[in-house]
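J.: What follows is a single structure, and I will ask about it in a moment.
The values are calculated or read from the model by the stated rules, or taken from the named source; none is laboratory data. Please read all numbers here as calculations on a predicted model, not as lab measurements. Cβ placement follows ideal geometry from the backbone for every residue including glycine, while neighbour counts extend to all protein chains displayed.
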Amino acid sequence: MNTWLNRIFGLDGLGFGTPDAELVLERPLPEWVWALLIVAALLLAWWTYRGLPGPKAGRAAMGFLRGVIIVILVLLAAGPQLRLEQMRTEADRVFVLVDRSASMQVPDGPGAITRDAQALAAVERAEPALLALGERSEVVRMAFGSSTRAVGDEGFGPADEPATLIGDALGVALDAARGGPIGGIVLLTDGRSTDPIPASVRRRLESERVPVFPVPLGSPDPVRSAGIDQTESPGVAFADDTVPVRARVVWSGGVPEGARVQLVDRSTGEVLDETALEGIEGDEADGSGSAWVTMTTTPRAAGPRDLEARLVGVADDIDPDDNTARVPLEVVDRPIRVLYVDGHPRWEHRYVKNLLIRERSIDSTVLLLASGRRYTQEGDTLIARLPVSSEEWAEFDVVILGDLSPDLFGTEQLVQLTEHVAQRGAGVLWMGGPGSTPRAWFDSPAGDLLPMRAGSVRVWNEPVTLRAVPEADRLGVLRTDEQGAGWDERLTNPGAGWTVLRWAQRLSPEGLKPGALVLAEAAGVDSGSSAPVVVTMRFGSGRSAFVGTDEIWRWRYGRGETLPERFWIPLVRMLARGRVAGALGPGLLTVTPDRPEPGTPSLIELEVFDQSVIDRLPERVTVRVVRADGREASVTLRGEGSTRSGVWTPDTPGAVRVEMGPGLPELMGLAAEAAVIEPGDERRNLNTDHELLEELARRTGGRLVAWDQTERLAEWVPNRARVHAGAPIIETLWDRWVVLLGLLALLTLEWVGRRLARLA
């Protein structure tokens, strides 16, 4: 039937029988109007035929026919047409964002699985729900970390990016929708974001009514991570030497209470020393920080030693692989050759002489000079005369100069001694006294070996006690307590009597040379004021140390020879190390912070320990910053004294090496390592932030989804598809030829009827 109608009306495409097509009027009238029009048309037709002659039935038929014609004309005037409304449904999108940052490798998930394994298990569990959502929505999978990218069949990739930019990932998802409807955003992450979620992204989520369904990964409890990232040691030492080994412990998640750092002999497994991490605090608000600890070992046999710094006792350490660090050490087995020269037989001379003779690891020669260069000789090895050539000075590793006049030496001898220290790495230990040392030595050829300037030494006008400073612990000296781990606090208490030194020299801090390091301070018993009393400095390849008192012998009343021995012998050993290797080298080059972000200024600082180099150090020096890709940049360091500093601003992430530039051959070996990290590198804090995810779900109308409940996502993600109405398809019927033909047929039928009834 519809086919015939479509042919009659000439309809091609939209026609009768087309689904959802409707027959409507272009100018529709209410039903009651149509009822009135029909009645009025019939009454009009009846009125026009009621008075005419002829059969009543004929007149009634023609009147009805006229009424129908009138109604048809009104209907055609209303504009009949076929109309098909066009409706388009726009499917919504569901975004699945999976965290690919390095923190996903933390194994704090259920059963100690990594957060990454937990995320992939949650995605696998959600696959049926995602397939169901895919029937009505477009499901888009994305991986995010430092950047956000869509993923396909290749998967989400490894979790190794250094940052988690949750705000950026949400913004990318919103932009990817291009204004279209979003059913929801499924966010699989630990919540630790290195960028705050921008307020603009939050407003868009709320204003566009985009629900976020976070899947929290990892444990809500704080993560403990600690390790050793750097060690320092002399590298070479004498047998029976007390060798300091320093290790830097770094941590996140709070200070590792109860942790200990051990120095272990890898070949035997023996724990050589142990230091507890006590009384330290994190240096960052997020609970991360670092601290240096110092341990010592006393190797007995010659040869290489394979040592290891080991961090133990860290509960719940998330990454124990970084808890060890190798410490190579080469041991030289020969006695330390010491030449001790003093001017008169004072008490300190007597006891120091006995310490040197008694110490088996030291081969000593002790000379007591008098005016006219006559001398009394004692010790392990006797010599015919004071050294008078470079070769004779080369026999000694350490020279101890007591309270004697430089006039007892020849000028050439003192020049040779200075060169012996600078070139061969020997050590000089000055034992101050009330006579000539150091007052008479400043203008001598050996005056450069003193760590202070002329006019900077006075005598205390009151008794004093001594206290070591942290620098002594770093060098492994002045460890006088019973365990040999630090300063004996009894020595700072004047109430014991035997701890009080009746005579000492007061060194002015301002008068110390730029390369000098203070090892101990004297404190006045009456005034409580303090000043340096034990000082050391580098000089060329060797080292010099000055002790501004000759009353250490008084400590014998406390513990016999033990305390003086712990004071003097380690100082001698420290000074002797320069003959085999420099403990600190000629200087130190540092980058602070050593893990900067691009665009964050870092301070490059050069500290020179060698006084002979300091004296020739220009006001400006140049260092090179060499990147891993081979690119270089130059930075100028400025300053005075022993330090030079300058600012370097990195531009790209990656490892860099800072090296000394040309012009100072003695410092060419100095270098420092740094690692430029991504902005907000999250490895500084591996804790989760589930509170952020909970807030995000609450503010956007989503919900928090447990990782083992992701199969129910299809129930919770709403359908936000949109229906759009397009321009309707219209086929008019009133202007078709068949309509005109039908109307003419009705008019002709009425005309024929009137003629048959002989009406005008």
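J.: It is to be established whether one or more residues within the range 565-583 are in contact with a helix residue (DSSP H, G or I) (Cβ under 8 Å, 6 or more places away or on another chain), under 28 Å from Ala675 (Cα atoms) and assigned to a loop (DSSP other than H, G, I, E, B).
T.: yes
J.: Turning to a different aspect of this structure: How do the pairs read when you match residues in the range 688-707 that are closer than 16 Å to Glu206 by Cβ with residues anywhere that are small (Gly, Ala, Ser) and part of a helix (DSSP H, G or I), using Cβ under 9 Å and keeping only pairs 6 or more apart or on different chains?
T.: Close Cβ pairs satisfying both conditions: Arg703/Ala697.
J.: Which residues, counting only those in the range 309-324, are assigned to a strand (DSSP E or B) and surrounded by fewer than 20 Cβ atoms within 10 Å (Cβ to Cβ)? Please lay out each step first, then the result.
T.: As a first pass, look at the range 309-324 and keep what is assigned to a strand (DSSP E or B): 309-312, 317, 324.
Hits for the range 309-324 are Arg310, Val312, Thr324.
J.: Inspect all residues belonging to the range 212-228 and state whether any of them is among the aliphatic types (A, V, I, L, M), not in a loop (DSSP other than H, G, I, E, B) and not assigned by TED's automatic domain parsing to the domain that holds Ala121.
T.: First pass over the range 212-228, keeping only residues among the aliphatic types (A, V, I, L, M): 212, 215, 217, 223, 226, 228.
Those left that are additionally not in a loop (DSSP other than H, G, I, E, B): 212, 215, 226, 228.
Next cut, not assigned by TED's automatic domain parsing to the domain that holds Ala121 only: 226, 228.
Checked the range 212-228: at least one residue is among the aliphatic types (A, V, I, L, M), not in a loop (DSSP other than H, G, I, E, B) and not assigned by TED's automatic domain parsing to the domain that holds Ala121.
J.: Still on this structure, I have one more. Does Leu606 satisfy being of a type in the set (A, V, I, L, M) and in a loop (DSSP other than H, G, I, E, B)? Please lay out each step first, then the result.
T.: Values: of a type in the set (A, V, I, L, M): yes; in a loop (DSSP other than H, G, I, E, B): no.
It is false that Leu606 is of a type in the set (A, V, I, L, M) and in a loop (DSSP other than H, G, I, E, B).
J.: With the structure loaded, tell me whether Leu637 is at pLDDT 90 or above and either assigned to a helix (DSSP H, G or I) or surrounded by fewer than 17 Cβ atoms within 10 Å (Cβ to Cβ) (or both) or whether it fails that test. Step through it out loud before you land on a result.
T.: Values: at pLDDT 90 or above: yes; either assigned to a helix (DSSP H, G or I) or surrounded by fewer than 17 Cβ atoms within 10 Å (Cβ to Cβ) (or both): no.
No.
J.: Sticking with this structure for a sec: Please work out which one of (1) in contact with a helix residue (DSSP H, G or I) (Cβ under 9 Å, 6 or more places away or on another chain); (2) crowded, with 22+ Cβ neighbours inside 10 Å is the condition Trp460 fails and give its number.
T.: (1)
J.: Here's something else I'd like to know. Determine which single condition Gly528 fails, assuming it passes every other condition in (1) in a loop (DSSP other than H, G, I, E, B); (2) surrounded by fewer than 23 Cβ atoms within 10 Å (Cβ to Cβ); (3) touching a residue at least 12 places away in the same chain (Cβ under 8 Å); (4) small (Gly, Ala, Ser).
T.: The single condition Gly528 does not satisfy is (3).
J.: Here is a list: Ala520, Ala496. Which entry is buried (at least 21 other Cβ atoms within 10 Å of the Cβ) and outside the structural domain of Arg350 (by TED's automatic domain parsing)? Reasoning before the result, please.
T.: Working: Ala496 fails: buried (at least 21 other Cβ atoms within 10 Å of the Cβ).
Answer to the check: Ala520.
J.: Kindly indicate which of Glu659, Glu666, Glu695 is modelled with pLDDT of 85 or more, in a helix (DSSP H, G or I) and of a type outside the set (A, V, I, L, M). Before you say what the answer is, go through the steps one by one.
T.: Details: Glu659 fails: in a helix (DSSP H, G or I); Glu666 fails: modelled with pLDDT of 85 or more.
That would be Glu695, the only listed residue that is modelled with pLDDT of 85 or more, in a helix (DSSP H, G or I) and of a type outside the set (A, V, I, L, M).
J.: Scan the range 195-208 residue by residue and report those that are part of a helix (DSSP H, G or I), out of contact with any strand residue (DSSP E or B) (no Cβ under 7 Å at 6 or more places or on another chain) and in contact (Cβ under 8 Å) with a residue 60 or more places away in the chain. Lay out the reasoning, then the answer.
T.: Taking the range 195-208 as the starting set, the residues that turn out to be part of a helix (DSSP H, G or I) are 199-207.
With out of contact with any strand residue (DSSP E or B) (no Cβ under 7 Å at 6 or more places or on another chain) added as a condition, the list becomes 199-204, 206-207.
Matches in the range 195-208: Arg202, Glu206.
J.: Considering only strands (runs of 3 or more DSSP E) fully contained in the range 80-130, which possess at least 2 residues that are under 15 Å from Pro216 (Cβ atoms)? So that I can check it myself, show each step before the final result.
T.: Details: elements: 80-84, 87-90, 93-99.
Because the criterion is at least 2 residues that are under 15 Å from Pro216 (Cβ atoms), the strands (runs of 3 or more DSSP E) in the range 80-130 that meet it are 93-99.
J.: Something else: For the range 537-565, give me each residue that is surrounded by fewer than 22 Cβ atoms within 10 Å (Cβ to Cβ) and either under 45 Å from the mean Cα position of the chain (by Cα) or under 19 Å from Pro244 (Cα atoms) (or both).
T.: Correct list: Ser541, Glu565.
J.: Quick test of your reading of the structure: Val647 fulfils all but one of (1) at pLDDT 85 or above; (2) part of a loop (DSSP other than H, G, I, E, B). Name the failing condition by number.
T.: (2)
J.: Turning to a different aspect of this structure: Tell me yes or no: at least one residue of the range 677-692 is assigned to a strand (DSSP E or B) and not assigned by TED's automatic domain parsing to the domain that holds Leu165.
T.: No, the conditions are met nowhere in the range 677-692.
J.: Consider the range 706-750. How many of its residues are more than 24 Å from Asp12 (Cβ to Cβ) and acidic (Asp, Glu)?
T.: The qualifying residues number 4.
J.: I'd like the residue in the range 252-272 that is in a strand (DSSP E or B) and free of Cβ contacts under 8 Å to residues at least 60 places away in the same chain and, out of all such residues, is nearest to Leu356 (Cα to Cα).
T.: So the first thing to find is which residues in the range 252-272 are in a strand (DSSP E or B), and the list is 252, 260-265, 271-272.
Filter again for free of Cβ contacts under 8 Å to residues at least 60 places away in the same chain, leaving 260-262, 264-265, 271-272.
On the way: Arg260: 35, Val261: 33, Gln262: 31, Val264: 30, Asp265: 29, Val271: 29, Leu272: 25 Å.
Step by step, filter the range 252-272, then rank; the result is Leu272.
J.: For the range 202-247: of the residues being more than 25 Å from Thr688 (Cβ to Cβ) and touching an Asp or Glu at 6+ places or on another chain (Cβ under 6 Å), which is modelled with the highest pLDDT?
T.: Only one residue fits best here, namely Arg246.
J.: Just checking, how many residues over the range 80-96 are in contact with an Asp or Glu (Cβ under 9 Å, 6 or more places away or on another chain) and modelled with pLDDT of 85 or more?
T.: First, pick out the residues of the range 80-96 that are in contact with an Asp or Glu (Cβ under 9 Å, 6 or more places away or on another chain): 80-85, 87, 91-94.
Next cut, modelled with pLDDT of 85 or more only: 80-81, 91-94.
Of the residues in that region, 6 qualify.
J.: Residues of the range 640-668 being in contact with a helix residue (DSSP H, G or I) (Cβ under 9 Å, 6 or more places away or on another chain) and surrounded by fewer than 16 Cβ atoms within 10 Å (Cβ to Cβ), which ones? Give the steps one after another, and end with the answer.
T.: Just the residues of the range 640-668 that are in contact with a helix residue (DSSP H, G or I) (Cβ under 9 Å, 6 or more places away or on another chain), to begin with: 641-642, 660, 664, 666-667.
Within the range 640-668, Gly641 is the sole residue that qualifies.
J.: Let me ask something additional. Would you confirm whether any residue within the range 358-366 is more than 38 Å from the chain's Cα centre (by Cα) and in a helix (DSSP H, G or I)?
T.: yes
Each row is one residue, and each column tells you yes or no for (1) closer than 14 Å to Glu551 by Cα; (2) polar (S, T, N, Q).
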| position | (1), (2) |
| --- | --- |
| Val477 | no, no |
| Asp481 | no, no |
| Ala485 | no, no |
| Asn493 | no, yes |
| Trp498 | yes, no |
| Gln505 | yes, yes |
| Pro509 | no, no |
| Leu512 | no, no |
| Leu517 | no, no |
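J.: Restricting to the range 44-59, give me the number of residues that are in a helix (DSSP H, G or I) and free of Cβ contacts under 8 Å to residues at least 12 places away in the same chain.
T.: Just the residues of the range 44-59 that are in a helix (DSSP H, G or I), to begin with: 44-49, 56-59.
In the following step, the residues that additionally are free of Cβ contacts under 8 Å to residues at least 12 places away in the same chain were identified as 47, 56-57.
Of the residues in the range 44-59, 3 are in a helix (DSSP H, G or I) and free of Cβ contacts under 8 Å to residues at least 12 places away in the same chain.
J.: Now a separate question. Output the strands (runs of 3 or more DSSP E) that fall wholly within the range 133-194 and possess 2 or more residues being touching a strand residue (DSSP E or B) at 6+ places or on another chain (Cβ under 7 Å) and surrounded by fewer than 19 Cβ atoms within 10 Å (Cβ to Cβ), or say none. Write out each step before concluding.
T.: Details: elements: 138-144, 148-150, 182-189.
Qualifying strands (runs of 3 or more DSSP E): 138-144, 148-150.
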